[in-house]
1. Given the DSSP H assignment, sum -39500 (n - 2.57) over each helix run of at least 4 residues in the chain and divide by its residue total; what's the result at 222 nm in deg cm²/dmol, nearest 500?
2. Run the dipole for the chain about the Cα centre, Lys and Arg Cβ at +1, Asp and Glu Cβ at -1, nothing else charged, and hand back the magnitude in debye, nearest 20.
3. Choose one of 56, 87, 118: the residue whose Cα lies farthest towards the positive end of the charge dipole of the chain (beta-carbon charges +1 Lys, Arg; -1 Asp, Glu; about the Cα centre).
4. Once both labels are modelled 7 Å past Cα along the beta-carbon direction, what's the residue 32-residue 175 spacing in nm?
5. Could you tell me whether segment 51-153 comes out rounded, prolate or oblate from its Cα gyration tensor? Rule is a ≥ b ≥ c as square roots of the eigenvalues, rounded for a/c under 1.5, then prolate if a/b exceeds b/c, otherwise oblate.
6. When DSSP assigns beta bridges and you keep just the ones with both residues in the chain, what percent turn out antiparallel, to the nearest 5?
7. Search the structure for amide H atoms under 5 Å from the amide H of residue 188, placed 1.01 Å from N in the peptide plane, and list their residues when 5 or more places away or on another chain.
8. Looking at the chain from every direction and averaging, what is the projected area of its Cα convex hull in nm²?
Amino acid sequence: MDLPGFAFERQDESADALFYSAPRLVVHIDDATIAALTQFYGETLTAGADVLDLMSSWVSHLPTQPPLGRVAGLGMNAQELAANPVLQDSVVHDLNADSRLPYDDESFDFVVNAVSVQYLTRPFEVFADIARVLRPGGISIVAMSHRCFPTKAIRFFHAASATERCHLVQQYHVRDEAFSKSRVVDRSPAGADPLWIVMGRR
Ligand SMILES: C[S@@+](CC[C@H](N)C(=O)[O-])C[C@H]1O[C@@H](n2cnc3c(N)ncnc32)[C@H](O)[C@@H]1O
C-alpha cells in the first residue's frame, strides 16, 4: 500500500498531553457495539491470559468470562485509568512521544486497542513494540469504528474507506514482519456503530 506523505499528520499537532489533560468519562461507541466487542473478547481471550489494554480509559469492555490474569492499562489520563475497575496496574504514557512500551519483553498474551488506533502517528514503531511485549503466539486485537476526535486522528483515517483503514492496520502488523499474519473480522451489529476488528498473531 502506497501511503501519501500526509498520511500520519493531524489537524492538531500540539502535544497530546494537552488534549487529554481533562478526563472524559464517556463511551465512544453505541451500547450494542460495546456489547459486540465484549462478546468478541469473550470468544477470543483465554482463561488466565495476561492482557494489556492499550490506549485505555475508564472502561476496557473486557468480559467477566473467561477469568483473566493480569490486566494492565496504558493511556493518557491518570483519572480515567484510576476509574477503570478492571485494571490491576496502569501507566500514563504518550505513544506519539515515545513509541516504546514500558513493559518487559513477552509480558502479555493479548494486547487490545479499542477505538483508538487512529490517533497513533508512529504506528509501525508502536506495533513492532506490541510484538515485543507479546509472548510467542500472542495476539493483537484492534477494534475500530467510525467515530473519532477529528483533530487528533491521522489524515489517512479521514481520507480512507473502512476497507482501506482495515488494510492499513493489517499493514501495521505484517509490513515489517512484527506479526506472522493478520486478519479482519466484521462484527458490526445491525443499526449501531460499526465494529471492525483487525487481529495479528505474533
Ligand atoms: C476514544 S478514547 C478510547 C478509550 C478506550 N479505549 C475506550 O474504548 O473507550 C481514545 C483513547 O486513546 C488514548 N490515547 C490517545 N492518544 C494517545 C497517545 N498519544 N498515547 C497513548 N494513548 C493515547 C487516550 O488516553 C484515550 O483514552
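Taken together, the values in this text are just the output of simple stated rules run on the coordinates, not laboratory data. Bear in mind that the values here come from a model prediction, so they are computed numbers and not experimental data. Note that we place each Cβ from the backbone using ideal geometry, even for glycine, and neighbour counts take in every protein chain shown.
1. On the way: 6 runs with 52 residues, N = 202.
The helix-only estimate for the chain comes to -7000 deg cm²/dmol at 222 nm.
2. Values: 17 positive and 25 negative charges, 68 e Å.
Rounded to the nearest 20 debye, it is 320 debye.
3. Of 56, 87, 118, it is 118.
4. Modelled inter-label distance: 3.5 nm.
5. Working: a/c = 1.42, a/b = 1.12, b/c = 1.27.
Verdict is rounded for segment 51-153.
6. Working: 12 of 30 bridges.
So the antiparallel bridges amount to about 40 percent of the total.
7. Distant-sequence amide H within range of residue 188: 195.
8. Working: hull surface 41.1 nm².
Mean projected area of the Cα convex hull: 10.3 nm².
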